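The values are calculated or read from the model by the stated rules, or taken from the named source; none is laboratory data. Treat the numbers as computed from the prediction; the structure is a model and nothing was measured. Using ideal geometry, Cβ is built from the backbone for each residue, glycine included, and neighbour counts are taken over all protein chains shown.
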Amino acid sequence: MSLSGLLRVIGFMAVTMSGGSYGITFSVPEELLREVQAQYGAAAEQRLRDWQQIIVQSEPGDDIEKLVQVNGFVNRAHQITKTLHWQRSEERVDPLQFLINHAGDGQGFAMTKLFTLHKMGVPLSKLRIGYVRAVGRYLPKRAQLPVAQTDSGQSHTVLAYFSTPDAEPLILDNLDKRIRVASQRPDLEPVYLFEAREMLLPDTLLSSLPTEKPHYVVKWQNLLPNLKSVHY
């Protein structure tokens with residue numbers, strides 16, 4: 001079976017359901033690893049094995065250590081842009097394909113980090129996918145990255161971590177690869193935050209994102225939906 005066919009058979013949700021919190025086995029099927037090695041080489045296969053080890057060896061403990069480990073691992077990939085507009089569709093960003101290609105757009109980086117941290121036991125209630133506009137010093141040169149540009153900046157995606165509902169979030173990004181609190185990222189204008197569960201579960205997909213220019217820089221905490229219903 002071809003790699004694309006095997007990925008369709010296994011599917012994103014097959015890997016999603018194969019592991020989770022502590023005590024549950026997470027594994028990338030050996031058949032898939034063999035196909036990856038045959039079609040993409042030993043380096044791609046090793047990336048998947050390293051990714052699996054990061055998840056399997058994770059233990060209960062400090063979330064920050066996990067954020068640092070996952071952010072560094074995923075950010076080794078190369079930035080590309082597949083579309084001119086950030087959007088959600090039925091074609092889900094698949095961490096397996098992202099790691100095989102070792103490349104993706106901001107959405108791919110953020111979703112791979114989200115999925116991996118979820119498997120390592122970081123509560124989904126603390127994680128949000130952030131739709132932002134990137135401006136300033138970390139904006140890639142258009143000659144290198146032909147992404148959608150607007151008067152207010154470049155559409156981009158990051159992962160936000162809230163230790164508590166009213167805490168200043170930590171931003172995991174691939175433009176500035178260092179994890180920083182939101183106040184240290186004046187180059188990002190937050191537009192919308194999605195709950196992590198919405199991004200991982202197929203029956204809660206949204207068809208589109210807001211695309212209007214924000215009239216002011218929104219406070220990250222003000223974007224959190226249904227705070228009273230989120231249990232930390």
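Figures for the structure shown
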{"item": "Residue satisfying condition, being modelled with pLDDT of 90 or more and farther than 15 Å from Asn71 by Cβ, within set Ala134, Ala103", "result": "Ala103"}
{"item": "Test: residue in the stretch 168-181 that is part of a loop (DSSP other than H, G, I, E, B) and at pLDDT below 85", "result": "no"}
